[in-house]
Amino acid sequence: MPLSILPEGEYELGDDVTEILNIRKWEVEERVTSSGTVIGDFPDGISKTDELRVQSYPDLIKEFKQISGYYISTKMDGTSVTMYWRNGHFGICGRNYEYADDEKCAMWKYAHEHKIPELLAENDIPDVAIQGEFCGAGIQKNRLKLVKSECMYLQ
């Protein structure tokens, strides 16, 4: 940029003019995607998450009036995640595929940061699936403006 963008004054090479020019530091947000190396289809014997949205099925409200065993939650703007422990093996899946434990998969990164595989192994929990919505920057529209990835509404 030319020096003419600065207000009149005495400046030396190396002067910090960020405040004078009202410049803010821009940091690249963490890009979170569910992409990774696919190692197989979604495992047999584990049901996929599939929640109805009232926006897609408006008659649902009328149907709710007829029954007493339901719950209402907020649809998070992310991608499905299933973390499972079966026969001593921990795995992570998106909606349709299982992913390798590599640097490409943000869901695996999250699991390692929160020590999920170790906690399941330490507590000798038998076959279990933890399911929810994986949300964060770079996933869908990130309406919550999350900077780091989060697992929401685990079931």
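Screening region 90-121 for residues that are closer than 18 Å to Thr79 by Cβ and of a type in the set (Lys, Arg) and picking the one that is modelled with the highest pLDDT gives Lys109.
Considered as a group, the residues in region 45-60 that are polar (S, T, N, Q) and either modelled with pLDDT under 85 or surrounded by 10 or more Cβ atoms within 10 Å (Cβ to Cβ) (or both) include one that is nearest to Trp85 (Cα to Cα), and that residue is Thr49. In contact with a Lys or Arg (Cβ under 6 Å, 6 or more places away or on another chain), acidic (Asp, Glu) and modelled with pLDDT under 80: is that true of Asp124 in this structure? So Asp124 fails the test. Annotation: Ala121 fulfils all but one of (1) over 22 Å from Asn142 (Cα atoms); (2) outside any strand (DSSP E or B); (3) touching a strand residue (DSSP E or B) at 6+ places or on another chain (Cβ under 6 Å); the unmet one is (3).
Restricting attention to region 13-39 and to residues that are modelled with pLDDT of 85 or more and charged (D, E, K, R), the residue that is nearest to Lys141 (Cα to Cα) turns out to be Glu19. Scanning region 61-84 for residues being under 25 Å from the mean Cα position of the chain (by Cα), part of a loop (DSSP other than H, G, I, E, B) and at pLDDT 80 or above gives a total of 1.
The values are calculated or read from the model by the stated rules, or taken from the named source; none is laboratory data. All values derive from a computational prediction rather than experimental measurement. For neighbour counting, all protein chains shown are included, and Cβ atoms are generated from backbone atoms with ideal geometry for every residue, glycine included.
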